[in-house]
Amino acid sequence: MATKPALAYNDAEKGTLDVRSPQIADLAKDEKKASDIEVFAVQSLKKDAPVTPSNVAKPPPAPAKPAKKSTPMWVLWVIWYNSYRRFFTVIFIVNFIGLGFAIAGKWPYAAKYPGALVVGNLNVAVLVRNEIFGRCLYLFVNTFFAKWTPLWFRLACTSTLQHLGGIHSGCAISGVAWIVLMVVHQFKTKYLFNDSILAFGVITTIMLFITICAGLPWVRNTHHNVFERNHRFFGWTSLCMTWVYTIVTNAYDSADGKFDHVGRYVVQQQAFWYTVGMSVFIVLPWICTRHAKVDIELPSPKVAVLRFERGMQQGLLARISRSAVKEYHAFGIISEGTHAKYHYLICGVQGDFTKSLVNDPPRRIWTRELKFAGVSNTSTLYKRGIRICTGTGLGAALSTCIQSPYWYLIWIGSDQEKTFGPTISGLIHRHVGPERLLLWDSKIRGGRPPTMKILKEVYDSWQAEVVFITSNYVGNFEIQHGCKELGIPAFGTLWDFVSDSPEFCCWWS
């Protein structure tokens, strides 16, 4: 039977079409055909139905344990000082130069409108973490810059989108620095201010400081529930205190010591409208919160597969929680496209939350109907790519490979079919052809694969432009540093972020 022609580049990866054939038949004239591309063998999910097409090589033997080699210092530096830290550095330096001028009395604007600089920074910090704003940015970039722009520019777009957390952190810390300066100045001239203004200034500063401390990488990565509760609730408290502080500060007339400036005067102040914007950006995502129906499949004690109604485009993530306002957890979405009836989440059973899904499966769970975009959503920008993942990292990777025939899937795990069950196995069987699939079962093959050797050969044969990695800390470190040394553009999981969503970091930028 003749295979169905592959969709055009600008159609296949939009995530809005019905991509039903996983095979690549007629590629563009300037590219190799699938039959001419040498790839690694694929371990079939079904043991009684091995894949033996003529164009697939024999599987490599189980590798010997490779000797550890040291990573060059320049590689460590380039990966460490990524776009996240560069964004943070620029914003931090610019704001603290402004603080220096303000302290020296060389910046009249800062002396006249200190509250605007406080709330302006906080406004930007909240904006870049707003899911609706993020989706708009991803949509704009994917619509106007996909495929045709130079590769360096597309890589820069991906790096910028995924490292918006650097702007978030930089502006938040700068906002706290400005409010400290503002409160200190008010205490130095406290005879001009009402005691209530001084009190609310101190309370607002403390609330903001605790919010930032709760979002530090160490707290987030080692005490996730502490981060969720404190970063969110102290953040909301800070918003309320900011409103009070903004109003009382602008309503007070230091000339006569009375709160004479009410109504129109307060509304005309910059700080007031910055606070309005910040409030809108915080509230909007919560309007989309729903108590949604969920079906839970438990294929093994290690994994829970959650099924929700509605199909999704690729590259999105979902937040779910047992509570409407507490402890939301993000997972990659697996879907066949917007035409599909369902979408799925793979939850590895590790912490208290995921264990509760197994021990006490809910019929309904809280989620946000508007999903937020992850770095995989920018796969649309690239002509061809590789998605490499380990274990439950498949959840963030599979949709891209299902909805685009130009992405190659490498999945490393142990006894995948038994662990992840028939639903996930069926999605792979139906939508990802053997010519763009490599499953490494460490249980069958006797250990870990020579990851970088495999990745390099697939990268060359598949003519890929980029690699996206979803793995644990060790796996991500090894693959990302290996890609840098080999000159392969790669984006991997970011572990030192201060944000509300899974992030990726890249070596190339």
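The values are calculated or read from the model by the stated rules, or taken from the named source; none is laboratory data. Keep in mind that this is a model prediction, so the values were computed, not measured. Counting neighbours? That spans all protein chains shown, and the Cβs are built from the backbone with ideal geometry, glycine included. Ligands, DNA and RNA are excluded from the accessible area calculation, which covers all protein heavy atoms including side chains. Shrake-Rupley method; radii C 1.70, N 1.55, O 1.52, S 1.80 Å.
Leaving out ligands and nucleic acids, and using a 1.4 Å probe, what accessible area per residue does the stretch 384-470 come to in Å²? I get 26 Å² per residue for this part.
With both labels modelled 7 Å from their Cα along Cα-to-Cβ, the residue 342 to residue 80 distance reads 4.6 nm. Using the Karplus relation 6.51 cos²θ - 1.76 cosθ + 1.60 with θ = phi - 60°, the per-residue 3J(HN,Hα) values for the stretch 356-363 come to 5, 5, 7, 6, 9, x, x, 8 Hz, with x marking Gly and Pro.
The 1.4 Å probe gives accessible areas that order 297, 465, 309, largest first, as 309, 297, 465. Of the whole protein surface, residue 295 contributes about 60 Å² of accessible area at a 1.4 Å probe radius.
Which translational diffusion coefficient, to the nearest whole µm²/s, is obtained for the stretch 177-239 from the Stokes-Einstein equation, given a Kirkwood hydrodynamic radius over C-alpha pairs, 10 °C and 1.306 mPa s? Can you show the working numbers first?
Details: Rh = 12.7 Å.
The Stokes-Einstein estimate is 125 µm²/s.
Per atom type, the stretch 284-397 shows carbon and sulfur on 49% of its accessible surface, probed at 1.4 Å. For residue 303, the residues whose modelled amide H falls within less than 5 Å of its own, excluding neighbours fewer than 5 places apart on the same chain, are 349.
Computed from the Cβ-Cβ distance with R0 of 30 Å, the FRET efficiency linking residue 350 to residue 288 stands at 0.65. On a per residue basis, the convex hull of the C-alpha atoms belonging to the stretch 237-390 measures out at 182 Å³. Taking the Cα centre of the stretch 98-254 as origin and assigning +1 to Lys and Arg Cβ atoms and -1 to Asp and Glu Cβ atoms, the resulting dipole is close to 360 debye.
Which value in Å does the Kirkwood hydrodynamic radius of the stretch 199-312 take, with 1/r averaged over all unlike C-alpha pairs and then inverted?
17.7
Site pair residue 107 and residue 273 shows an inter-label distance of 2.1 nm when each label is modelled 7 Å from Cα along Cα→Cβ.
Would you mind checking the pairs 293/418; 355/443; 147/355; 112/258; 302/341; 112/326 and listing those with alpha carbons more than 30 angstrom apart? Write down the numbers at each step before the final one.
Values: 293/418 26 Å; 355/443 24 Å; 147/355 42 Å; 112/258 19 Å; 302/341 26 Å; 112/326 39 Å.
Violating the 30 Å limit, Cα to Cα: 147/355; 112/326.
Rolled with a 1.4 Å probe across the full set of protein chains, the surface gives residue 181 an accessible area near 50 Å². Our estimate of slack between residue 258 and residue 71, defined as 0.36 nm per intervening residue step minus the Cα-Cα distance, is 60.8 nm. Near the amide H of residue 440, within less than 5 Å, lie the amide hydrogens of 411, 412, 413, all on another chain or at least 5 residues away, with H placed in the peptide plane. A Cα-only calculation for the stretch 90-200 places Rg and Dmax at 18.7, 63 Å.
Scalar couplings 3J(HN,Hα) for the stretch 458-471, obtained by applying the Karplus form with A = 6.51, B = -1.76, C = 1.60 to θ = phi - 60°, are 5, 4, 5, 6, 7, 6, 6, 9, 7, 10, 10, 10, 10, 8 Hz; x denotes Gly and Pro.
The DSSP beta bridges internal to the stretch 343-470 are antiparallel in roughly 0% of cases.
Quick check: with the 1.4 Å probe, what order do 364, 220 take by accessible area, largest first? Before the final figure, lay out each step's value.
On the way: 364 130, 220 20 Å².
From most accessible down to least: 364, 220.
The phi-based Karplus calculation (6.51 cos²θ - 1.76 cosθ + 1.60; θ = phi - 60°) puts the 3J(HN,Hα) values of the stretch 111-124 at 6, 7, 10, x, x, 5, 5, 5, 6, x, 4, 5, 4, 5 Hz, whole numbers, x for Gly and Pro. Spin-label pair residue 442-residue 187: with each label point 7 Å from Cα along the Cα-Cβ axis, the two points sit 5.3 nm from one another.
For the stretch 318-441, a simple Cβ point-charge model (Lys and Arg +1, Asp and Glu -1, everything else neutral) yields a dipole of about 400 debye relative to the Cα centre.
Figure note: 342, 245 ranked by solvent-accessible area, largest first, 1.4 Å probe, ligands and nucleic acids not counted: 342, 245. Taking the inverse of the mean 1/r over every pair of distinct Cα atoms in the stretch 133-249 gives a Kirkwood hydrodynamic radius of 16.9 Å.
Averaged per residue, what accessible surface does the stretch 232-345 expose to a 1.4 Å probe, in Å²? Don't skip to the answer; put the middle values down first.
Numbers: 5240 Å² over 114 residues.
On a per-residue basis, the stretch 232-345 sits at 46 Å².
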